[in-house]
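Read the figures in this text as sums done on the coordinates, not as results from a lab. Please read all numbers here as calculations on a predicted model, not as lab measurements. Cβ coordinates were reconstructed from backbone atoms using ideal geometry, including for glycine residues, and neighbour counts include every protein chain displayed.
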């Protein structure tokens, strides 16, 4: 292995040469306490920054194994180290100057959710630590400025590494608190199933966010307090007794006036599939890990999906058990979203009346009298929600602000009153008796039965490099085919979208064979990531990019929205 001195000598030789000479720096170099690898060098100072990685042996990093004994603890520790390095890098970034991205030092920008990322990986067997970063190699115009790169690699970067990746230089109490929180969160997730719950919201949680474009908690927001009828107390391994609202499995309705916190509670439940960092306010908002947010999605592509649970007897005679369209309506897209969520193995549907198609959700009595059921191909969700739980075991949490029809089907009804939840089940059920629900006598719901087995597309067969462009949380472009993920609302980070693009490419090359169905393909991708990490998806890339792990449900959602899927 080359030494840091070798790298210094190399930089001296290429100083003031043309920018492509930076390519000679690729390789691994031994620095005091760690190995620096230059994995990919940018083509010019205005291109995407160069990709580097730092490897610290387990003996040198010296993190106690108790901090990463379980996967949630390991992921939480990796997340904490990434954040710490990011803060250090932000202070050091652009202290070296030049054209374009010259002087940039960057790592993944972590949000409020704790996600597994390629940015930082700790080997649970050896304790070895790997951190990936981006550096803008300095230039004057398109001429190498090696002295500035030497400043980065031999002064700024070592300080970041020392302050972030060595246990002896960190606060052990903070690291222990991170580990303890991860264990407590995992304990709550296990308790959900044991107690017949689909979600838990701790007393004292701060659910409102600072603004519609900020994930930070709202200062002065109303702390959550469970209604007594739904209160449960959990004895956490580290926090101890924690009281909160347990949402039982079944059908739960969240009602209330506008701006009283209905959608805020649902949004917290949506993102409760992820752990959150301390201080977020939603650390102890924990939702069934398979939960899927369902909404209308006008214009989305639907491929060979069984939506007959909700839509039948179309005037054009189209088969709804194998339904396809390039431009779905609101009701059709929402029906497909439910069917696909069931196919992906969800145990909990999350819905908000505000983002749903009205004719998919409910038809009032007057409309049913004017337009007879025989003339309406849509069976509204109100007539299926009960069957979904009683026959299929699929729970639903639904926000409703204008229709009381769901009172009949709900097991529990929670009213949000100035961000304070109240159990009004008894009152609402009594009032609902005066408004009988039409629609009895429908055939029971059956789970979607179509089995979709995609085949590989010809464009992925050759050795030619596939073009992939991440579009933040909005989607990903694969060979100029854009997968629109704007309405896959549980994607928390653009790096998850990028990972979904790599999932598509990997599946095209290795898994799509016309025999595996989509459930098997998504399951094998999820298992591959669990076994070998996100890096295993990046087969032909120079330097692993920043990726974050998506859930199996989002892998499934991405394939369902990929118009190039060959079925």
Completion exercise
If R0 = 30 Å, then residue 30 and residue 531, at their Cβ-Cβ distance, give a FRET efficiency to the nearest 0.05 of 0.50
Fill in the blank from the handout: Protection proxy (average C-beta count within 10 Å per residue), highest first, orders 153-163, 265-275, 212-222 as 265-275, 153-163, 212-222
Problem - Helix 172-194 axis, angle to the chain major axis (alpha carbon atoms, nearest 10°) - result: 30 degrees
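Order these peptides, 515-524, 403-412, by their mean beta-carbon neighbour count within 10 angstrom, highest first. Walk me through the numbers on the way to the answer.
Working: 515-524: 17.6, 403-412: 19.9.
In decreasing order of mean packing, 515-524, 403-412 become 403-412, 515-524.
Considering all projection directions equally, how large on average is the shadow of the alpha-carbon convex hull of region 186-246, in square nanometres?
For region 186-246, the mean projected area of the Cα convex hull comes to 5.1 nm².
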Problem - For region 1-142, average projected area of the Cα convex hull in nm² - result: 8.9 nm²
Exercise for the section: Would you mind estimating how fast region 458-560 diffuses translationally, via Stokes-Einstein at 37 °C and 0.692 mPa s with the Kirkwood radius over Cα pairs, in µm²/s? Expected result: 241 µm²/s
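I want to verify the translational diffusion coefficient of region 249-450 in µm²/s; compute it with Stokes-Einstein, Rh as the Kirkwood radius over Cα pairs, at 37 °C and 0.692 mPa s. All intermediate terms of the calculation are to be shown ahead of the outcome.
On the way: Rh = 17.7 Å.
Using the Kirkwood radius from Cα pairs, D works out to 185 µm²/s.
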Problem - Label point distance in nm, residue 8-residue 177, each placed 7 Å from Cα along Cα→Cβ - result: 4.0 nm
Exercise for the section: Go through 113-123, 194-204 and give me the packing order, highest mean Cβ count within 10 Å leading. Expected result: 113-123, 194-204
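How much length is gained on full extension from residue 482 to residue 215, taking 0.36 nm per residue of separation minus their Cα-Cα distance? Kindly include the intermediate steps, with their values, before the conclusion.
Numbers: separation 267, 0.36 × 267 = 96.12 nm, distance 2.64 nm.
Value of the extension gain: 93.5 nm.
Which whole-number percent is the relative contact order of the chain (Cα, under 8 Å, 6+ apart)?
Details: 1163 pairs, mean separation 71.0, N = 567.
RCO, the chain: 13 percent.
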Practice task
Please work out how much length the chain gains when fully extended from residue 190 to residue 233, using 0.36 nm per residue of separation minus the C-alpha to C-alpha distance, in nm with one decimal.
Solution key: 14.1 nm
Fill in the blank from the handout: For the chain, longest principal axis from Cα atoms; helix 262-271 axis from its Cα atoms; angle between them, nearest 10 degrees, is 50 degrees
Completion exercise
Taking region 96-233, the equivalent ellipsoid from its C-alpha gyration tensor has semi-axes in Å, biggest first, of 42, 21, 13
Practice task
Along Cα→Cβ, 7 Å out, is where each label goes; now give me the distance between the ones at residue 71 and residue 431 in nm to one decimal.
Solution key: 4.4 nm
Completion exercise
On the formula 1/(1 + (r/R0)^6), with r taken between the Cβ atoms of residue 324 and residue 391 and R0 of 35 Å, the FRET efficiency rounded to 0.05 is 0.85
Problem - Estimated 222 nm signal from helices in the chain, with DSSP H stretches of n ≥ 4 weighted -39500 (n - 2.57), rounded to 500 - result: -8500 deg cm²/dmol
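One quarter of the convex hull surface, Cα atoms only: what value does that give for region 242-369 in nm²? Before the final figure, lay out the partial values.
Working: hull surface 41.8 nm².
Average of the hull's projected areas for region 242-369 equals 10.4 nm².
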Fill in the blank from the handout: With bins of 20 Å, the percent of all Cα-Cα pairs of the chain per bin from 0 is 19, 48, 27, 6, 0
Exercise for the section: For region 1-67, go through all pairs of different Cα atoms, get the mean of 1/r, take its inverse, and jot down that Kirkwood value in Å. Expected result: 13.5 Å
Handout entry: Simple spin-label estimate for residue 140 and residue 563 in nanometres, 7 Å along Cα-Cβ
Key = 4.9 nm
Fill in the blank from the handout: For the chain, longest principal axis from Cα atoms; helix 71-92 axis from its Cα atoms; angle between them, nearest 10 degrees, is 50 degrees
Problem - Gain on full stretching of the segment that runs from residue 461 to residue 48 - 0.36 nm per residue minus C-alpha separation - result: 145.9 nm
Practice task
With no solvent and one equal point scatterer placed on each C-alpha of region 62-161, evaluate the Debye formula and give log10 I(q)/I(0) for q = 0.13 Å⁻¹, two decimals.
Solution key: -0.52
